[in-house]
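Notes to accompany the following structure.
No value in this document is a laboratory result; all are computed from the given coordinates. Everything numeric in this text was worked out from a predicted model, so none of it was measured. Please note: Cβ atoms are built from the backbone with ideal geometry, for glycine as well, and neighbour counts cover all protein chains shown.
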């Protein structure tokens with residue numbers, strides 16, 4: 001549907017209106033029998049008029065009359081797919097089950113399912129949470145985590161489920177406004193993405209995490225380098241609660257980007273602090289630092305310039321030794337970030353080369369486990385809060401991440417579904433059929449900010465309520481109590497294994513003990529890691 005030219009989107013509606021008028025004329029001058037087509041086309045014309053003004057369905061606002069075909073085929077597709085094509089669990093990249101769950105919780109509809117699970121519980125890869133015969137009732141499900149270490153003057157009491165980084169420019173103005181307004185209504189945070197803080201981030205009034213990428217958008221010099229004064233001015237806003245330095249993202253780790261001059265509007269130029277008429281380059285690497293020690297010093301600088309707000313960094317794990325270099329730099333400089341966000345390679349809303357999307361970067365589960373245990377091994381895990389991102393849309397997804405070491409989770413595509421994304425996968429074409437990922441003013445008009453912001457807040461609230469029920473079923477009083485032992489996994493040979501046998505917590509300080517046993521090569525990497533350089537040495 002997204003491939004239909006812009007004017008053709010309204011051709012069906014215009015056609016039925018014309019046919020209704022023709023039928024009316026023919027009935028008046030020729031035969032009363034034309035009342036039948038008049039009634040048919042009149043009903044369709046009324047339907048199309050209502051589609052244009054209603055606020056709930058973005059598809060119908062962009063495709064009056066024609067959009068109903070999508071809902072018709074969506075209704076019969078389960079049977080077609082069940083017998084001919086695929087199951088509800090097939091991921092494309094999100095399964096129908098996952099998407100339906102988000103839609104139902106965002107709309108406040110019943111999300112229970114009859115007749116048992118459809119998942120293949122005896123297949124390898126299936127996992128579940130163990131439950132207790134003495135479940136606990138949890139009344140307050142507004143779960144929070146305090147982010148900010150000893151050098152942080154303005155710690156932030158964050159929700160354990162927040163909106164992950166998505167830039168204005170990648171998403172439409174209406175989408176950013178809906179997400180941020182929803183964050184304010186629900187009392188959680190919205191990551192700006194590396195594209196800077198736009199006017200649409202500010203008007204919603206929701207808490208912001210200011211992401212600073214290698215392009216330093218919003219805080220850059222004319223040459224594209226970091227500008228301390230511009231950053232200080234941006235970070236001084238009360239709406240900005242945390243500062244996140246982006247090293248890499250799950251969609252395309254190790255890859256830079258370019259926004260062509262033809263796509264840079266005045267609003268995008270304003271948010272990014274870039275000139276019109278010139279390609280906007282986002283380099284693969286930062287220019288403000290080149291070594292692990294310089295990186296920690298830069299983080300300390302960002303903390304000072306922001307007035308002591310929580311400062312951290314986001315990355316998708318690549319060379320494990322390089323992360324260990326960062327940890328060694330923390331120990332040597334005494335500058336420890338307040339938080340680290342681990343982005344899995346399965347994450348990412350931005351378009352990426354297929355090879356990068358499929359074969360570069362570490363998945364969230366392994367990346368999170370590695371970062372958590374490396375910080376434990378260095379003896380500083382208690383000083384750093386960990387966020388996790390990568391296809392986190394359900395209460396189980398959150399519980400699993402928390403069990404593996406995360407303190408909170410972020411989601412990008414989950415909240416995109418909440419504002420109407422249908423996974424058309426046309427994000428990079430500017431032809432998003434529901435107005436989420438487009439700069440086309442007509443297409444994004446379909447996304448009603450007031451209605452969709454309420455769906456954002458409702459999805460967040462209902463997901464945390466489900467997490468509370470799952471936590472109580474495990475006999476726990478808070479999701480932070482989940483540990484690897486509360487997970488069970490089905491292995492390839494059909495046997496079960498407890499989570500801590502695969503993703504166990506390693507001892508505090510084990511990397512600092514020269515006599516400790518090697519763990520899957522980590523000791524070797526730790527010995528090769530150095531705080532002074534990311535370059536390996538023998």
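Full extension of the segment from residue 92 to residue 237, taken as 0.36 nm per residue of separation minus the current Cα-Cα distance, would add 48.3 nm. As a proxy for reagent exposure, ranking 246, 301 by other Cβ atoms within 10 Å from fewest up yields 301, 246. At an R0 of 25 angstrom, the distance between the Cβ atoms of residue 46 and residue 440 translates into a FRET efficiency of 0.40. Over the stretch 144-512, the pair-distance histogram of Cα-Cα distances with 10 Å bins from zero comes to 5, 25, 36, 25, 8, 1, 0 percent, rounded to whole numbers.
When all alpha-carbon pairs of the stretch 166-258 are counted, what percent fall beyond 23 Å? Value for the stretch 166-258: 22 percent of Cα pairs lie more than 23 Å apart. Highest-first packing order for the peptide set 112-120, 162-170 is 162-170, 112-120, based on the mean count of other beta carbon atoms within 10 Å. Max-minus-min Cα coordinates of the stretch 142-212 on each principal axis give 37, 26, 17 Å, with the largest extent listed first.
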